[in-house]
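Please read the structure below before turning to the comments.
The values are calculated or read from the model by the stated rules, or taken from the named source; none is laboratory data. Predicted, not measured: the structure shown is a model, and the values here were computed from it. FYI the Cβ positions are ideal-geometry reconstructions off the backbone, even for glycines, and counts take in every protein chain you see. Accessible surface is based on the protein model in full, side chains and every heavy atom, while ligands, DNA and RNA are left aside. Shrake-Rupley method; radii C 1.70, N 1.55, O 1.52, S 1.80 Å.
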Amino acid sequence: MATKKITLSKDLIVSMYMNYTLEHNEKPKSVFHFSKVNGFTESEFYTFFGTLESIEKEIFNIFFDKTIELLQKDDNYESYDMKTKLLSFYFTFFELITANRSYVMMTLKQHQNQLKNLMILSEFRNKFKDYISEIITDDFRIKIEKLQQYQEKVLTESFWFQFLLTLKFWMEDASPSFEKTDIYIEKSVKVSFELIDITPIDSLIDFGKFIFKMIILVEMQQTI
């Protein structure tokens, strides 16, 4: 009896990739090997992705898009202030990746060089920074003294850095149901907004000081 030809899609390839990585405790050695194991051709793979690494980036894009989709299903979400929207994003996103923790941990620890691991988040980073820009409210812009374009870039970069610190905390969290991560999110977001309220940013030097303060204050939340 002939084997039924599978209908390939981007989502199916992503699912196959995650399953392979988890079952073999390593990512596929090549596109050829990955395609052969899963019953499709190498040329079919390239219809959807250019490299195996692009699948890894796409998976984190999917986590992001699913987070936004879930947030927008809440009728009250659009009426939230910036701080509440960001908290909602964090709680929803980390709930999603917790459901896929084994894969996320394996992927973000695959290289000894942490910078190589963070490259997987390059597209996610752009999405996250765009999201921060989108949720900046008029009231918040006024509060931080007529936020200019440069200052907005500072703000998105600083929140991206906060996200990375939160991700690092989650990866090291061994508490039941990762309850310490929830507490960390609450405290770190609170600290970030308090810091923004009292720190005018007018230069690159100020930006450096701002990031340093954020690192110190957010890291202090790890004493919870």
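Rounded if a/c is under 1.5, else prolate if a/b is larger than b/c, else oblate: which is segment 1-91, with a ≥ b ≥ c the root eigenvalues of its Cα gyration tensor?
prolate
Listed values for segment 90-106 are Karplus-derived 3J(HN,Hα) couplings in whole Hz (6.51 cos²θ - 1.76 cosθ + 1.60, θ = phi - 60°), namely 4, 4, 5, 4, 6, 5, 5, 6, 5, 5, 10, 4, 4, 5, 4, 4, 5, and x replaces Gly and Pro. The residues Leu70, Leu164, Leu121, sorted by heavy-atom accessible surface at 1.4 Å with ligands and nucleic acids left out, run Leu70, Leu164, Leu121 from largest to smallest.
Heavy-atom accessible surface of Ser122, to the nearest 10 Å², is about 40 Å², with a 1.4 Å probe and all protein chains retained.
If Met106, Met18, Met119 are ordered by their accessible area, calculated over protein heavy atoms with a 1.4 Å probe, which sequence runs from highest to lowest?
I get Met119, Met106, Met18, largest accessible area first.
On the accessible surface of segment 56-145, probed at 1.4 Å, how many percent belong to carbon and sulfur atoms?
Details: 2280 of 4820 Å².
C and S atoms contribute 47 percent here.
Sparsely packed loop sites in segment 1-51 (the GluC sites (Glu not before Pro) outside DSSP H, G, I, E and B with at most 16 other Cβ atoms within 10 Å) comprise Glu26.
Rolling a 1.4 Å probe over the heavy atoms of the protein chains gives segment 38-123 an accessible area of 52 Å² per residue. Phi angles across segment 57-67 convert, under the Karplus curve 6.51 cos²θ - 1.76 cosθ + 1.60 with θ = phi - 60°, into 3J(HN,Hα) values of 5, 5, 4, 6, 5, 5, 4, 5, 4, 5, 4 Hz, Gly and Pro given as x.
For the pair Leu118 and Gln72, the difference between a 0.36 nm per residue extended length and the Cα-Cα distance amounts to 13.8 nm. Over 29 Å apart at the Cα level, from the set Lys10/Lys187; Lys10/Lys153; Lys66/Lys109; Lys57/Lys153, are Lys10/Lys187; Lys10/Lys153.
Accessible area per residue was computed with a 1.4 Å probe on protein heavy atoms; Thr47 scores about 100 Å².
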